[in-house]
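Undergrad: Input: one structure, supplied below.
Where a number appears in this text, it was derived from the coordinates with a stated rule and is not lab data. A quick note: this is a predicted structure, and the numbers were derived from the prediction, not measured. Cβ placement follows ideal geometry from the backbone for every residue including glycine, while neighbour counts extend to all protein chains displayed.
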Amino acid sequence: MAFALQPTSIESVGVEPLDIPLLEPFGISKGSLGLAANVLVTVKLVDGTMGYGEAAPFPAYNGETQDDSLRALLSATNWLAGRDAANWREIAAEFRAAAGPSCGSALCALETALLDALTRQRGTSLWQFFGGEGTELETDMTVTTGSVEGAKAAALAIRARGIRVIKAKVGGAAGPSADLERIGAILEAAPGSPLILDGNAGISRDEARLLVSGLRKMGVTPALLEQWLPKEDMEGMRLLGLESGWAVAADESVSTAADARRVSEHRSVSHINIKLMKAGIAEALEVAAVAKEAGIGLMIGGNIESILAMTASACFAAGLGGFEFADLDTPLFLAESPFQGGYILEGGRISVAHIGAGHGVLPLGLLL
């Protein structure tokens, strides 16, 4: 099919692996990663404008691998040239139909690159494109799975950075008693810190009851229980919130707008963690709309991402507005960065106000 070229037409799309070492393995209840095995997508429009996107698949999270992302994106380069980037939603739908639901991060990378190029060409920022509601967020920082001593050291380091909110991974193989020890060590090192406890769908109902009981005995009231139970356990999540009296967020349970409607109908959770890597940007916009209509609170998160993808997510959440929680800390876990620009982090405060066009991130060596 022939397409009439517009100023926003795609000239070419580049796809390449983006391997970034971590300072130390990033552990969750279902596994860990020592390397961010991501993918960089570069879109060039016919007028020379460039746009950049990042895929950050996390196999322990949803099964998607770097090879999956590369395969899907390389296949798409065959039909993207000549298409109008302004029709990014149509392109996203076509990509999703071809690649399938297991390539959410690949779709996100393509959408990000398209929107980056479009907004750079227009001279507008990505946060303005998403609505311009705000320019700031407060991020947490994560204490990954591991030892009690490691948790205490991590919490001390987080507070030394000036970050107030701490997110602790729970649900490891050692069980609830070990999690409670780690939480105690975290709060000893960082008393008064709001605490998000993330189970990554690795906790059973019985284990959840033990954790809630132990936390109550410790006098701990978490700010949020993030996806403790298996993602299909809608009733369990509802009961967890009801019996504990604490806020409960869905993460793995919600990738699409249909998922968001399901948790809303079951009244399962008080919050939804939106990650652009789950099913792409267009779908994330729909998830946010469903949540807002249902009165469900919002959190923005991500996989193991560089400053590029994290800045795109910060622009999304700040621009849309209404996000109570933010978990955009993974650039702090990387041993190096192949990019320049992006959000500014002071303590736990993220700002995108300075970004004048696109998401403001470029590969090292290119002029900002």
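Undergrad: In region 146-175, which residues have a backbone nitrogen under 12 Å from the label point lying 7 Å from Glu181's Cα in the Cα-to-Cβ direction?
TA: Backbone N within reach: 146-151, 174-175.
Undergrad: Specify whether the C-alpha gyration tensor of region 267-327 places it in the rounded, prolate or oblate class, a ≥ b ≥ c being the square roots of the eigenvalues: rounded for a/c under 1.5, otherwise prolate if a/b is larger than b/c and oblate if not.
TA: Note, shape of region 267-327 comes out prolate.
Undergrad: Toward the positive end of the charge dipole of the chain, about the Cα centre and with charges on Cβ (Lys, Arg +1; Asp, Glu -1), which of Asn303, Leu180, Leu366 goes farthest?
TA: Toward the positive end, the furthest listed residue is Leu180.
Undergrad: Considering the chain as a Gaussian network with a 10 Å cut-off on Cα pairs, which listed residue, Gly342, Gly297, Gly100, attains the greatest mean-square fluctuation?
TA: Looking only at Gly342, Gly297, Gly100, the biggest GNM fluctuation is shown by Gly100.
Undergrad: Report the longest stretch of the chain that contains none of the GluC sites (Glu not before Pro) sitting in a DSSP loop with at most 13 other Cβ atoms within 10 Å. Walk me through the intermediate numbers first.
TA: Numbers: sites that count: Glu232, Glu336.
Here the longest run is 1-231.
Undergrad: Over 15 Å apart: what share of the alpha carbon pairs of region 202-274 falls there, rounded to a whole percent?
TA: In whole percent, the share of Cα-Cα pairs in region 202-274 beyond 15 Å is 48.
Undergrad: Per residue and in cubic angstrom, what volume does the convex hull of the Cα atoms of region 124-177 have?
TA: Cα-based convex hull of region 124-177, divided per residue, equals 125 Å³.
Undergrad: Please turn the phi angles of region 137-154 into ³J(HN,Hα) values with the Karplus equation 6.51 cos²θ - 1.76 cosθ + 1.60 (θ = phi - 60°), one per residue in order, whole Hz, x for glycine and proline.
TA: Taking θ as phi minus 60°, the curve returns 9, 10, 8, 8, 9, 9, 9, 7, 5, x, 7, 4, 5, x, 5, 5, 5, 5 Hz for region 137-154.
Undergrad: Tell me, what is the FRET efficiency for Ala258 and Arg216 to the nearest 0.05, using R0 = 41 angstrom and their Cβ-Cβ distance as r?
TA: On the way: r = 35 Å, r/R0 = 0.86.
Between Ala258 and Arg216 the formula returns 0.70.
Undergrad: Hey, could you pull the Cα Rg and Dmax for region 46-88, both in Å?
TA: Rg then Dmax for region 46-88, in Å: 13.3, 40.
Undergrad: Related question: Stretched out fully, how many nm does the piece from Glu265 to Ala97 gain, at 0.36 nm a residue minus the Cα gap? Working shown, then result.
TA: Numbers: separation 168, 0.36 × 168 = 60.48 nm, distance 2.69 nm.
Separation in residues times 0.36 nm, less the Cα-Cα distance, equals 57.8 nm.
Undergrad: Could you work out [θ]222 nm for the chain from helices alone, using -39500 (n - 2.57) per DSSP H run of at least four and dividing by all its residues? Round to the nearest 500 deg cm²/dmol.
TA: Numbers: 13 runs with 148 residues, N = 368.
Rounded to the nearest 500, it is -12500 deg cm²/dmol.
Undergrad: Going by a ≥ b ≥ c, the root eigenvalues of the Cα gyration tensor, does region 128-363 fall in the rounded group (a/c under 1.5), the prolate group (a/b larger than b/c) or the oblate group?
TA: It is oblate, given that a/c is not under 1.5 and a/b is not larger than b/c.
Undergrad: By its C-alpha gyration tensor, with a ≥ b ≥ c as the square roots of the eigenvalues, how is region 2-157 shaped: rounded for a/c under 1.5, else prolate for a/b larger than b/c, else oblate?
TA: prolate
Undergrad: Here's a follow-up. Across region 228-241, in residue order, what do the Karplus-derived ³J(HN,Hα) couplings come to in whole Hz, using 6.51 cos²θ - 1.76 cosθ + 1.60 with θ = phi - 60° and x for Gly and Pro?
TA: Per residue, the Karplus-derived 3J(HN,Hα) values read 6, 8, x, 5, 7, 7, 4, 5, x, 5, 4, 5, 4, x Hz.
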